[in-house]
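The values are calculated or read from the model by the stated rules, or taken from the named source; none is laboratory data. Everything quoted here is computed from the prediction, not taken from an experiment. Positions of Cβ are generated from backbone atoms using ideal geometry, with glycine treated the same way; all protein chains shown enter the neighbour counts. Remember, those area values only see protein heavy atoms, side chains included, never the ligands or the DNA or RNA. Shrake-Rupley method; radii C 1.70, N 1.55, O 1.52, S 1.80 Å.
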Amino acid sequence: MDAKQRIWRTLDKPLVLIYLFLVVTGWLNIYSVVYDPASAEGFSFATRYGKQLLFVGFAFLIGLFVLVADLRVFTQFAYLYYGLAILFLAAVLVIGTEVAGAKSWIRVGPLSFQPSEFAKVATCLAFAKYASRPALNMKRARNQVLASFWFLLPMALILLQPDAGSALVFVSFVLVLYREGMSGKVLLAGLAAAVLFVAALLVNKYVIIGFIALVSGFLFFRNKRTLKNVALAALFFCVCSGYTLGVGYAFSRLSAHQQTRINVLLGKESDVHGAGYNVNQSKIAIGSGGLWGKGYLQGTQTKFNFVPEQSTDFIFCTIGEEWGWAGSTVFLAAYLFLLLRIVKIAERQKQPYHRIYGYGVASIFFMHLFVNVGMTIGLLPVIGIPLPFFSYGGSSLWSFTLLLFIFLKMDARRYAA
């Protein structure tokens, strides 16, 4: 049996099937968003569902190309792809086209693409290659910090666009570091920082600093009263207090509409006709679907364009309105299966490179799903981030397809000598 036959035989069929299910149902939902029963135009490639169908066709070709190509095309040149991604992220700051307040796109004639989407693929490949080096002990904190620069650099460049949603996705690589040996205390510290961030925006800063002082005193008196413990308690107080004051300063530097969005999310303001309009309409659409939904092509919120960006950032509310709680549950179960399957396949890899890359793919998908659904139902701020395989757009669909099919190729080659 030659190499190509072995790849097709060992290809993980459940993962391919769930990919096809998500892509096809994603297109059907985009069609539902755009479909106008009163229009006599019929099917048209000028519409979003027509363009998305072309994007889907190219995505299938990309997946097929990855499967028949030599895996070394992606693994051996990982650092080169990463370098090109960094160059494009820097170039977009100069020659990029501004869309929705962010200079995130590069236009070439009638075509345009978003470099940050493909930077995820390049970063995942390069990060996995670096972190899997035999001489590198990823359980050491120093090596974890060095490895972090591989995703912090593109993250910083994307923040300059500014595109907070795409930049946030790169934080997901911390989960890969955790799998490779990073202490769980770091994740807990990150969670504590997030809680403190929200508290600093909701509660008077001096009340929080007073609470931090009490915690610092508790940490000191519960241990031996040595000079070292005094220094640690003082350091804890200074870091947490400085962070609290820094949150307030950073918040004051945001634009007025960004401050309003955060205040609306935290319940400090009510602005259903302004910054909170998108989320409010999204929740109405999802809630109106009830248990079983209104039926395919029957969503009134969809048909009358009450929810802005419904084919991109807010595609999930179409599922909730037309398919109801039951359809939303099936959709989330499909994504859960996708994530668990990727993790399971990653754990059976013989090469650390492939395992780390697989966890990178799972982490990226998880972050997209978590943030997109979270902002759609009003649990997270609206920052604009696509839902994998569902949201309209060629760059995102192609980058997600590349991420997944490179991993499928790695897994299919696990028995190779």
| note | With only helices counted (DSSP H, runs n ≥ 4, each -39500 (n - 2.57)), the per-residue ellipticity at 222 nm for the chain, to the nearest 500, works out to -22500 deg cm²/dmol
| query | Given the convex hull over the Cα atoms of the stretch 283-416, what projected area results after averaging over all orientations, in nm²? | reply | 8.6
| task | Keeping the other protein chains in place, figure out the carbon and sulfur percent of the accessible area of the chain, with a 1.4 Å probe. | result | 69
| message | In whole Hz and in residue order, list the ³J(HN,Hα) couplings for the stretch 229-236 that follow from phi through the Karplus curve 6.51 cos²θ - 1.76 cosθ + 1.60, θ = phi - 60°; x for Gly and Pro. | response | 5, 4, 5, 5, 5, 5, 5, 4
| How high is the relative contact order of the chain, in percent, counting Cα pairs under 8 Å that sit 6 or more residues apart? | 25
| task | Give the long-range amide H neighbours of R414: residues separated by 5 or more places, or on another chain, with amide H under 5 Å away, using H modelled in the peptide plane at 1.01 Å from N. | result | none
| query | Residues with amide H under 5 Å of T97's amide H, sequence separation 5 or more or different chain, H placed in the peptide plane at 1.01 Å from N; which? | reply | S104, W105, I106, R107
| query | When ranked by the protection proxy of mean other Cβ atoms within 10 Å per residue, highest first, what sequence do the peptides 382-391, 354-363 form? | reply | 354-363, 382-391
| Once the Cα gyration tensor of the chain is found, what semi-axes does its equivalent ellipsoid get, as square roots of 5 times the eigenvalues, in whole Å, sorted largest first? | 37, 31, 20
| field | Debye, to nearest 20: dipole size of the chain, +1 on Lys, Arg Cβ, -1 on Asp, Glu Cβ | value | 1920
| note | In order over the stretch 78-94: 3J(HN,Hα) from phi, Karplus 6.51/-1.76/1.60, θ = phi - 60°, whole Hz, x for each Gly or Pro, gives 4, 5, 5, 4, 5, x, 5, 4, 5, 5, 5, 5, 6, 5, 5, 5, 9
| query | Taking only protein heavy atoms and a 1.4 Å probe, what accessible area per residue, in Å², does the chain have with all protein chains in place? | reply | 50
| Overall form of the stretch 67-226 per C-alpha gyration tensor (a/c, 1.5; a/b vs b/c) | oblate
| Taking the mean number of other Cβ atoms within 10 Å as a proxy for protection, how do you rank 150-162, 288-300, 201-213 from highest to lowest? | 150-162, 288-300, 201-213
| Alpha carbon centroid spacing (whole Å) that separates the stretch 384-417 from the stretch 184-220 | 38
